[in-house]
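Here the structure comes first, spelled out in structure tokens, and everything after it is commentary.
The values are calculated or read from the model by the stated rules, or taken from the named source; none is laboratory data. Since we're looking at a predicted model, the values are computed, not measured. Every residue, glycine among them, receives a Cβ derived from its backbone with ideal geometry; neighbour counts consider all protein chains shown.
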Amino acid sequence: MNASAPTVGLVSLGCPKALVDSERILTRLVAEGYTVSPTYEGAGVVIVNTCGFLDSARAESLEAIGEALAENGRVIVTGCLGADPEAIRATHPKVLAITGPHQYEQVVQAVHAAVAPPHDPYTSLVPPQGLHLTPRHYAYLKISEGCDNRCSFCLIPQLRGDLVSRPAAEVLREAERLAQAGVKELIVISQDTSAYGRDLQHAPSLWHERSVPARLTELAQGLGELGVWVRLMYVYPYPSVDEVLPLMAEGKILPYLDIPFQHASPSVLKAMRRPAAQDRTLERLARWRSVCPDLTVRSTFIVGFPGETEADFQALLDWLAAAELDRVGCFRFEAVAGVPASTFADAVPAEVAQERWHRFMAAQKTISGRKMKARIGRKIDVLIDAVDETGAVGRSAADAPEVDGQVFLPDVSGLTVGDVVRCKVLDARDYDLIATLDAPPARPSVRERLQTRQGRRR
């Protein structure tokens, strides 16, 4: 670290979309000559990128701000909770500045005011792919901001505004730089991935002398040409999703869809302002699986929503059994100030919501355990996330980082983080797999390494 360079610290909370915002802020600051401090005491100023989606997340963000103030004293707040500056200043009046989500310029200006940038750096201090807070072998690729949906339980449109998509060529150029830098998995994120490009009227942009419309199918096709894993997250079950299933079946992108169904009872879905045709959704799941038999479907649900009856909850359990989803998360409803659902009558008592959450997770655990055991004996590709003296841990195409399961490879050696290896599944737990190597990792040839170096220089 250059002792004379100004320093910044950063605390990033919340979802992967917020993490990408943090990466963009750091990329800009390091390009200007700042260095990043791993400790509070080493930082000239600390940026806290907050989450404000749920009351529990707001509390965690306020606690993190307080910790940064106590340990450093010079704090800039950004992110979703920054959209409510009065709440922040009521608790922490000594913060230097507050900005809302994805307000990168304002954050940088606040840093300049707190710790002056160095004068006239002679060279760029940032690699072409920018700075990332994820391990170097995978990266989140944000394709849009905001959301046009108005779900009654969600604060995101108030915090991040309406849908604003990036041109396809801009996304593809970023993805290409990441792949050239050694990233093995690109995780596509947004608030509503299926709606990508709708605000642009799917206008095309030029990438490698070819016109690429701002539409999910064409974007996925382009990403599928980069030779890395491509995973789609936050996908809504619109009819347009049908178009990406052939790409998954052909191995162009991972056979994985993260779709937040949220519930199955028509009355609860109507109150949530969500699509309510769950019978048709079951039909579409069956059709997707017929096109791509290896498809993994992940989803999230809310229990204890205002007005949810025992009959509604049983309808959810019945639908879950019929859908046989591979990966599932569940949240208890939280009444967040500012969202319509917080004012709805017939609130579900906390103890009832907790009991339903346990029943829901127990039902899904049975489904998951059965589906995992069905994979014993199969051969799968595994992306290695960690290696130590006891073996290695990785993920299959069915596993997004941090939210899904893992593949454990005990007593293997000779692997490095970022390797993609062929494995045979030996055993299964409720959410994880035990496997062994079926083939050694494919190492790039001298010619491939040379091409990679040349690509980085360009």
Of the listed residues (246, 239), the one being surrounded by fewer than 15 Cβ atoms within 10 Å (Cβ to Cβ) and touching a helix residue (DSSP H, G or I) at 6+ places or on another chain (Cβ under 7 Å) is 246
Of the residues in the range 147-195, those that are surrounded by fewer than 21 Cβ atoms within 10 Å (Cβ to Cβ), farther than 28 Å from residue 381 by Cα and among the small types (Gly, Ala, Ser) number 3
- Query: Is it true that residue 189 is modelled with pLDDT of 90 or more and under 27 Å from residue 268 (Cβ atoms)?
  - Reply: yes
Margin query: Considering only the range 8-15, I want to know if a residue exists there that is within 14 Å of residue 111 (Cα to Cα), in a strand (DSSP E or B) and touching a His at 6+ places or on another chain (Cβ under 8 Å).
Written below: no
request  = Might you let me know whether the range 115-124 holds any residue that is of a type outside the set (D, E, K, R) and modelled with pLDDT of 80 or more?
outcome  = yes
Pairing a residue in the range 125-143 that is aromatic (Phe, Trp, Tyr) with any residue that is at pLDDT 90 or above and in a loop (DSSP other than H, G, I, E, B), where Cβ atoms lie under 7 Å and the two sit 6 or more apart in sequence or on different chains, gives 138/183; 138/184; 138/401
Within the range 157-169, residues touching a helix residue (DSSP H, G or I) at 6+ places or on another chain (Cβ under 8 Å) and either closer than 21 Å to residue 217 by Cα or in contact (Cβ under 8 Å) with a residue 40 or more places away in the chain (or both) come out as 158, 159, 160, 163, 164, 165, 167, 168
Across (1) farther than 22 Å from residue 253 by Cα; (2) touching an Asp or Glu at 6+ places or on another chain (Cβ under 7 Å); (3) surrounded by 14 or more Cβ atoms within 10 Å (Cβ to Cβ), residue 420 clears everything bar (1)
Those residues of the range 183-224 that are within 22 Å of residue 296 (Cβ to Cβ) and not hydrophobic (A, V, I, L, M, F, W, C) come to a total of 11
inquiry  = Suppose the filter is modelled with pLDDT of 90 or more and over 26 Å from residue 14 (Cα atoms); does residue 204 pass it?
reply    = no
Residue pairs within 9 Å by beta carbon, gap of at least six or interchain, first lying in the range 41-69 and in the same structural domain as residue 147 (by TED's automatic domain parsing) and assigned to a helix (DSSP H, G or I), second buried (at least 20 other Cβ atoms within 10 Å of the Cβ) and among the aliphatic types (A, V, I, L, M), listed first then second, are none
Within the range 23-63, the count of residues that are buried (at least 18 other Cβ atoms within 10 Å of the Cβ), within 24 Å of residue 338 (Cβ to Cβ) and of a type in the set (Gly, Ala, Ser) comes to 3
Contact list, first residue from the range 398-409 and in the same structural domain as residue 420 (by TED's automatic domain parsing) and under 19 Å from residue 330 (Cβ atoms), second anywhere and in a loop (DSSP other than H, G, I, E, B) and small (Gly, Ala, Ser), beta-carbon distance below 6 Å, six or more apart or interchain, is 399/405
